Amino acid sequence: SVCSMGTSSSRLYSTLTKTLSSGAVSQHQDCLEQPDSAQLDPIDPKELLEECQMVLQKRPPRFRRSFVNLSKNTASNHRPIRVMQWNILAQALGEGKDNFVQCPMEALKWEERKCLILEEILAYKPDILCLQEVDHYFDTFEPLLSRLGYQCTFFPKPWSPCLDVEHNNGPDGCALFFSRERFQLVSSANIRLTAMQLKTNQVAIAQTLKCNETGRLFCIAVTHLKARTGWERFRSAQGCDLLQNLKSITQGAKIPLIICGDFNAEPTEEVYKEFSNSSLNLNSAYKLLSPDGQSEPPYTTWKIRPSGECRHTLDYIWYSQHALNVNSALGLLTEEQIGPNRLPSFNYPSDHLSLVCDFSFNQDPDRLL
């Protein structure tokens, strides 16, 4: 029999480096990478998926979602680059702060919920993975994903709300993972976002990568802006700061750009308009799923809190539309799949849906870098 993931008796986990305690996490906050795990034997993704499914065998099966083909007969001479964006829900917040009144506590148990998260990642096999609300980076995601062939980077929030929760696992933050086989890291920047010239509690990671297949450079960024109503101007200022940083990193959009994030902002907000109208010539990939190509999905998060039902579009994958094509995007869960108790649930580990897109480089030779 297979034991719960993360225990020393599990066949895949027995060789993992020792789990870091919360105290150790705080000492490692400035680490971009933890090289130790990458030296361990690689994990077979199929074997890890099987182990996840063993742990989850008493839960209902994972939801089925289909990719929607969006390519306009544009031939590409390279494999698409699959990018996944996901706010995975910090464990400390899910158990201690978020008050999902229709979600049983049993559904939030980390030993099983982490298997649901890993199952979703393994199902879509992203080349680049951008996560928010990661509070189990050092003991789960970095050790496992590095052995699955990813290079891993983590930047925690300076004052994470997770630290207010008893028995927390350290601060939550943004994490970025990319396939070492497909890309080389050219440069990396950890950005603490500012608003009104003040440093804030929100962060971003921006990395310039070289695609090994094409030799092309591009920048991938992940962020998580300030939550809650009443903070619209604050989010707008954070977005402006991020755009300024990315203009510098991409040399004014000479280097193609993909930005993944939980913006905590509906498309009607100022920060959304700033990204839409930026000189970086950005488009939101999930708009392309709409009939007119101009409308965002009706929701990317759907939950029930004591104050009532919260159904919002907050998560986005922005991209340089002059340099990149969106070949396909993963369709969202339907209301019927989500169910009357909404998210998270025994079927789905987060209150936010994962977004997944396949990108290819525009073949215009004038755009080659």
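The values are calculated or read from the model by the stated rules, or taken from the named source; none is laboratory data. Keep in mind it's a predicted model, so treat the numbers as computed, not measured. Virtual Cβ from ideal backbone geometry, glycine too; neighbours counted across all protein chains shown. Quick note on the areas: whole protein, heavy atoms, side chains included, nothing else; ligands and nucleic acids left out. Shrake-Rupley method; radii C 1.70, N 1.55, O 1.52, S 1.80 Å.
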Considering Val271, Val222, which residue is on the phi < 0 side of the Ramachandran plot and touching a strand residue (DSSP E or B) at 6+ places or on another chain (Cβ under 9 Å)? Val222
Matching residues in the range 200-214 - criterion: being in contact (Cβ under 8 Å) with a residue 60 or more places away in the chain, open to solvent by 10 Å² or more (accessible area, probe 1.4 Å) and not acidic (Asp, Glu): Thr214
In the range 222-234, anything in contact (Cβ under 8 Å) with a residue 40 or more places away in the chain and outside any loop (DSSP other than H, G, I, E, B) is listed as Val222, Thr223, His224
In the set Leu217, Leu198, Leu225, the lone residue that is aliphatic (A, V, I, L, M) and over 26 Å from Val83 (Cβ atoms) is Leu198
Tell me yes or no: at least one residue of the range 83-92 is more than 17 Å from the chain's Cα centre (by Cα) and surrounded by 23 or more Cβ atoms within 10 Å (Cβ to Cβ). yes
Within the range 272-331, how many residues turn out to be closer than 26 Å to Thr208 by Cβ and in contact (Cβ under 8 Å) with a residue 60 or more places away in the chain? 18
Selection status of Ala206, part of a strand (DSSP E or B), within 12 Å of Ile249 (Cβ to Cβ), within 18 Å of the chain's Cα centre (by Cα) and among the hydrophobic types (A, V, I, L, M, F, W, C): yes
Among Asp358, Asp351, the single one that is within 30 Å of Ile255 (Cα to Cα), acidic (Asp, Glu) and in contact (Cβ under 8 Å) with a residue 24 or more places away in the chain is Asp358
Need the failing condition index for Glu142 against (1) open to solvent by 10 Å² or more (accessible area, probe 1.4 Å); (2) closer than 19 Å to Ile88 by Cα; (3) in contact (Cβ under 8 Å) with a residue 60 or more places away in the chain, just the number. (1)
Restricting attention to the range 302-340, which residues are open to solvent by 30 Å² or more (accessible area, probe 1.4 Å), out of contact with any Pro (no Cβ under 9 Å at 6 or more places or on another chain), assigned to a loop (DSSP other than H, G, I, E, B) and over 17 Å from Arg228 (Cβ atoms)? Gln321, Thr334, Pro340
Run Lys114 past the list (1) at pLDDT 95 or above; (2) assigned to a loop (DSSP other than H, G, I, E, B) and report the number of the one that doesn't hold. (2)
Can you tell me how many residues within the range 74-111 are part of a helix (DSSP H, G or I) and hydroxyl-bearing (Ser, Thr, Tyr)? 0
Assess whether Glu133 counts as being charged (D, E, K, R), closer than 26 Å to Gln321 by Cβ and either in a helix (DSSP H, G or I) or open to solvent by 20 Å² or more (accessible area, probe 1.4 Å) (or both). no
Residue check: is Phe63 at pLDDT 90 or above, surrounded by 13 or more Cβ atoms within 10 Å (Cβ to Cβ) and either touching a strand residue (DSSP E or B) at 6+ places or on another chain (Cβ under 6 Å) or within 30 Å of Gly293 (Cβ to Cβ) (or both)? no
Subset of the range 161-192 that is without any contact (Cβ under 8 Å) to a residue 60 or more places away in the chain and of a type in the set (Gly, Ala, Ser) - its residue that is surrounded by the fewest Cβ atoms within 10 Å (Cβ to Cβ): Ser179
